[in-house]
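Have a look at the structure below, then the notes.
Bear in mind these aren't lab numbers, they're just calculated from the coordinates by the rules spelled out. Remember, predicted model here, so these are calculated numbers, not experimental data. Here the Cβ positions follow ideal geometry from the backbone for every residue, glycine too, while neighbour counts run over all protein chains shown.
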Amino acid sequence: MDGPLGNSAGYLTEDVPEWVRRHLPVSADRADWAIAGFSQGGTCALQLAAGFPDLFGSFLDISGERAPTLGSERATIERGFGGDEDAYRAATPRALLEAAAPYPDTAALFVAGERDLKYSAAMREVSRQAAAAGMAVTVLVAPGTAHDWNTARYGFREGFERLLPRWGITR
């Protein structure tokens, strides 16, 4: 999101794609563009894919949260949204998904660690919301891991393995 703490949404949806298109031989097809992240980055990946469906055709949310957080909802609203509760609510994955649904051609991959009770619960909730919004949802559970880099490693490896055929990449 863009807000008092910086303009990360603009950076990730305007500046970075513009640089990539200008300097790299990439596809213009949104189905070939994905965003991914772990923990808060997973939440961001979901927010950006839901909020910018014309840019991202796929996303990978590894151990993301139900909503953006800076420790508590009150702290998040105050520090991250300048006290604007409506802006906070509009930036939640649920609100973003509902606002732009349906998503007829978005691949959504969600991953959490088997021993990560908090983020596994969040993953189940947001993956159901994404499915209800029309996304093609895949849910993966990293065996024996928690909210750690072992889950991230599993998620990136398994998630991208499932996205490769969508991009026409075979092994």
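Of the labelled options (i) 0.96; (ii) 1.02; (iii) 1.13, which one gives Rg/Rh (Cα atoms, Kirkwood Rh) as computed for this structure?
Among (i) 0.96; (ii) 1.02; (iii) 1.13, the one derived from this structure is (i).
How far, in nm, would the chain grow between Ser8 and Ser72 when pulled straight, counting 0.36 nm per residue and subtracting the alpha carbon separation?
21.0 nm
Could you please report the charge total around Asp148, scoring K, R as +1 and D, E as -1 over all other residues with beta-carbon less than 11 angstrom from its beta-carbon?
Surrounding charge for Asp148 is +1.
Taking the Cβ of Gly57 as the centre, find all other residues whose Cβ is under 12 Å away and add up their charges (Lys, Arg: +1; Asp, Glu: -1).
Result for the local shell: -2.
Can you tell me how much longer the chain between Ala131 and Asp84 gets when fully stretched, taken as 0.36 nm per residue apart minus their C-alpha distance, in nm with one decimal?
14.1 nm
Using +1 on the beta carbon of Lys and Arg, -1 on that of Asp and Glu, and nothing else charged, what's the dipole of region 20-167 about the Cα centre, debye to 20?
Magnitude of the dipole: close to 240 debye.
Could you work out how much longer the chain between Ala121 and Val26 gets when fully extended? Use 0.36 nm per residue separation minus the Cα distance between them, nm to one decimal.
Working it through step by step, the gained length comes to 30.6 nm.
So if R0 is 25 Å, what FRET efficiency would Ala99 and Thr138 give, r being the distance between their Cβ atoms, rounded to the nearest 0.05?
Computed FRET efficiency for Ala99 and Thr138 comes out at 0.65.
What number comes out for the charge environment of Arg30, summing +1 per Lys or Arg and -1 per Asp or Glu over other residues with Cβ under 13 Å away?
-2
Under a 10 Å cutoff between Cα atoms, tell me which one of Pro53, Pro25, Pro17 has the largest fluctuation in the Gaussian network model of the chain.
Residue with maximal mean-square fluctuation among Pro53, Pro25, Pro17: Pro25.
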